[in-house]
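K.L.:
Dumping the structure here so I can ask a few things about it.
The values are calculated or read from the model by the stated rules, or taken from the named source; none is laboratory data. Since this is a predicted model, take the numbers as computed values, not measurements. Please note: Cβ atoms are built from the backbone with ideal geometry, for glycine as well, and neighbour counts cover all protein chains shown. Each accessible area value is taken on the protein alone, full model and side chains, heavy atoms only, with ligands, DNA and RNA left out. Shrake-Rupley method; radii C 1.70, N 1.55, O 1.52, S 1.80 Å.
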2 protein chains.
Amino acid sequence: MTSPLVKPDPKLDLVLEREIDVPVELVWKAWTTPESIKQWFCPKPWIVTSCEIDLRPGGAFNTVMQSPEGQQFPNVGCYLDVVPNRRLIWTDTLLPGFRPAPKPFFTGALCLEPSVSGTRYTAIAIHGDEATRKSHEEMGFHHGWATVLDQLVAHIKASPR
Amino acid sequence: MTSPLVKPDPKLDLVLEREIDVPVELVWKAWTTPESIKQWFCPKPWIVTSCEIDLRPGGAFNTVMQSPEGQQFPNVGCYLDVVPNRRLIWTDTLLPGFRPAPKPFFTGALCLEPSVSGTRYTAIAIHGDEATRKSHEEMGFHHGWATVLDQLVAHIKASPR
């Protein structure tokens, strides 16, 4: 399910769509809990060393990723749309409080829909132009986002209910 | 009333705050109705020749301004936060649908609070850095936003209730 407001454009956007066998509520929880994000949000052996979540439009979605060599990469972003168990939209184009960000790159949209197997999972990276879409693709979008989705499912299955 | 999420920073932001003697509901209506926007939204003799409003987070807030010489200047933006009669936040940092915009400049916040005289009116221009704040100031922010507020009040008073 995508919001009518979010219409992926194949020239500009990148999409990962998959059926996964875990329920929407647990996917939502894993996406919106800092301690969970640290477990799966970047492809291992990279790790997330810190995560701040203020789950409301304008609230912070900040993470720090660390390379195997120990170099740290902070990501600062802002939630735009929060519909529990259905839709989460955030961007690095704005800082928390909706302030324009110094290095805008993309808006992310997570759309969840209950399905027979569990969840119809759609993650979209929305870019402003083709060059940015291409650079995100070359940075390894498809492999990276698929890998973290595997990690997300494994994390949910390994977590106590 | 400003949202706790919107905290003006004097180094980065520009603020117009004033008591006006018209009720919040009519200020809200004038800000969210295309036909009204055309009457007051840019300092005369400039005019707004078209206005598109899709009043929801991610929805379009597009205007075209025309100089006295007939040159047209389109502004494309996206609403971020819509709380009727209280708070309206939009940005040109994102296009409608939350897509990163080619020429990000500022986020605008309108905060309204009922007061004894009518409305406590606060309009804030939120920028990403000091240089952008300064350039907005040099473009005539203070005079321009004060002039359109005068036009807004005059428009409301001249409109049939």
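K.L.:
So what's the back-of-envelope 222 nm ellipticity for chain B, counting only DSSP H runs of four-plus at -39500 (n - 2.57) apiece and dividing by all residues, rounded to 500? Mind showing how you got there, number by number?
P.N.:
Numbers: 4 runs with 43 residues, N = 161.
My calculation for chain B gives -8000 deg cm²/dmol from helical runs alone.
K.L.:
On the protein heavy atoms, probe 1.4 angstrom, tell me the percent of accessible surface of the protein assembly as shown carried by carbon and sulfur.
P.N.:
Looking at the protein assembly as shown in its full context, I get 56 percent from C and S.
K.L.:
Something else about it: With +1 assigned to the C-beta of every Lys and Arg and -1 to the C-beta of every Asp and Glu, and no other charges, what is the dipole magnitude of the stretch B:1-103 about the Cα centre in debye, to the nearest 20?
P.N.:
With only Lys, Arg, Asp and Glu charged at Cβ, the dipole is about 180 debye.
K.L.:
Another question about this same structure. Per residue, how many Å² of accessible area does the protein assembly as shown show with a 1.4 Å probe? Could you put the intermediate results ahead of the total?
P.N.:
Details: 15250 Å² over 322 residues.
That works out to 47 Å² per residue.
K.L.:
Take every Cα-Cα pair in chain A and report what % of them are more than 28 Å apart.
P.N.:
Within chain A, distances greater than 28 Å cover 15 percent of Cα pairs.
K.L.:
If you don't mind, there's one more thing I want to ask. When Cβ neighbours within 10 Å are restricted to other protein chains, what is their mean count per residue of peptide A:99-107?
P.N.:
Working: counts 13, 15, 4, 2, 1, 6, 1, 2, 7.
For peptide A:99-107, the averaged partner shielding equals 6.
K.L.:
Oh, and also: With the radius of gyration and the Kirkwood radius both derived from the Cα set of the stretch B:104-143, what is their ratio Rg to Rh? Walk me through the numbers before you get to the answer.
P.N.:
Details: Rg = 12.8 Å, Rh = 11.6 Å.
Rg divided by Rh gives 1.11.
K.L.:
By the gyration tensor of its Cα atoms, with a ≥ b ≥ c the square roots of the eigenvalues, what is the shape of the stretch B:20-79: rounded for a/c under 1.5, prolate for a/b over b/c, or oblate?
P.N.:
Values: a/c = 2.93, a/b = 1.24, b/c = 2.37.
Judged from the Cα gyration tensor, the stretch B:20-79 comes out oblate (a/c at least 1.5, b/c at or above a/b).
K.L.:
Sticking with this structure for a sec: From the cross-link list A:103/B:134; A:11/A:38; A:103/B:11, which pairs have alpha carbons spaced over 22 Å apart?
P.N.:
Details: A:103/B:134 19 Å; A:11/A:38 32 Å; A:103/B:11 19 Å.
Cα-Cα > 22 Å for A:11/A:38; rest within.
K.L.:
Suppose every Lys and Arg Cβ carries +1 and every Asp and Glu Cβ carries -1, with no other charges. What dipole size does the stretch B:37-87 come out with about its Cα centre, to the nearest 20 debye? Don't skip to the end; give the middle numbers.
P.N.:
Working: 5 positive and 4 negative charges, 45 e Å.
In debye, rounded to 20, the stretch B:37-87 gives about 220.
K.L.:
Taking Rh as the Kirkwood radius computed over C-alpha pairs, what is the Stokes-Einstein D of the protein assembly as shown at 20 °C in a medium of viscosity 1.002 mPa s, expressed in µm² per second?
P.N.:
On the way: Rh = 21.2 Å.
Answer from the Stokes-Einstein relation: 101 µm²/s.
K.L.:
Taking N as the number of residues in the stretch A:1-43, what value does Rg over Cα atoms divided by 2.2 N^0.38 Å take?
P.N.:
On the way: Rg = 13.3 Å, N = 43, 2.2 N^0.38 = 9.2 Å.
For the stretch A:1-43, the normalised Cα radius of gyration comes out at 1.44.
K.L.:
Counting other Cβ atoms within 10 Å, keep those with at most 12, restrict to DSSP loop, and tell me which trypsin sites (Lys or Arg not before Pro) in the stretch A:1-71 are left. Please list the in-between numbers first.
P.N.:
Values: sites: A:11, A:18, A:29, A:38; in loops: A:11.
Passing both the DSSP loop test and the Cβ count: A:11.
K.L.:
May I pose another question? Are there any GluC sites (Glu not before Pro) in the stretch B:15-106 that are in a DSSP loop and have at most 12 other Cβ atoms within 10 Å? List them by number. Mind dumping the intermediate values first?
P.N.:
Details: sites: B:17, B:19, B:25, B:35, B:52, B:69; in loops: B:69.
Hits after loop and neighbour filter: B:69.
K.L.:
List the residues, sorted by chain then number, that are 5 or more residues from residue A:80 or on another chain and whose placed amide H is less than 5 Å from its amide H.
P.N.:
So residue A:80 has HN proximity to A:58, A:89, A:90, A:91.
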